[in-house]
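Participant: Attaching a single structure in structure tokens format; questions to follow.
The values are calculated or read from the model by the stated rules, or taken from the named source; none is laboratory data. Fair warning: this is a prediction, and the values are worked out from it, not measured in the lab. Here the Cβ positions follow ideal geometry from the backbone for every residue, glycine too, while neighbour counts run over all protein chains shown.
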Amino acid sequence: MDENHSSSAWSSYSRTVFIAFAAIAVALIAYEHRVHVLGILPWLLILACPLTHMFMHHGHGGHSGHSSQDHAGHGTGTIHPKKEADDV
């Protein structure tokens, strides 16, 4: 191998030119297709609702991590104070 050339496949100059070209290409494509992207945004918001619901509730796997005492007054409108070990 020649001592004047770098051993890597991408020299610093080639990497810089590629990044500049890619940035210009992305900017032009985004500018030309902004109407399509803005038209999709409401649908992405609607799609985000069930996805966040599934991820936040972990798929509603039967609530196996909760004890029956946690749901004793659930839905009846009664409020049960939590019992603490330090109560005297």
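Participant: What about residue 17, is it assigned to a helix (DSSP H, G or I), surrounded by 10 or more Cβ atoms within 10 Å (Cβ to Cβ) and at pLDDT below 85?
Facilitator: The answer is no for residue 17.
Participant: If the Cβ limit is 8 Å and pairs must be 6+ apart or interchain, which residue in segment 30-48 that is free of Cβ contacts under 8 Å to residues at least 12 places away in the same chain and part of a helix (DSSP H, G or I) pairs with which residue that is exposed (fewer than 10 other Cβ atoms within 10 Å of the Cβ) and of a type outside the set (S, T, N, Q)?
Facilitator: If the second residue must be exposed (fewer than 10 other Cβ atoms within 10 Å of the Cβ) and of a type outside the set (S, T, N, Q), no pairs are left.
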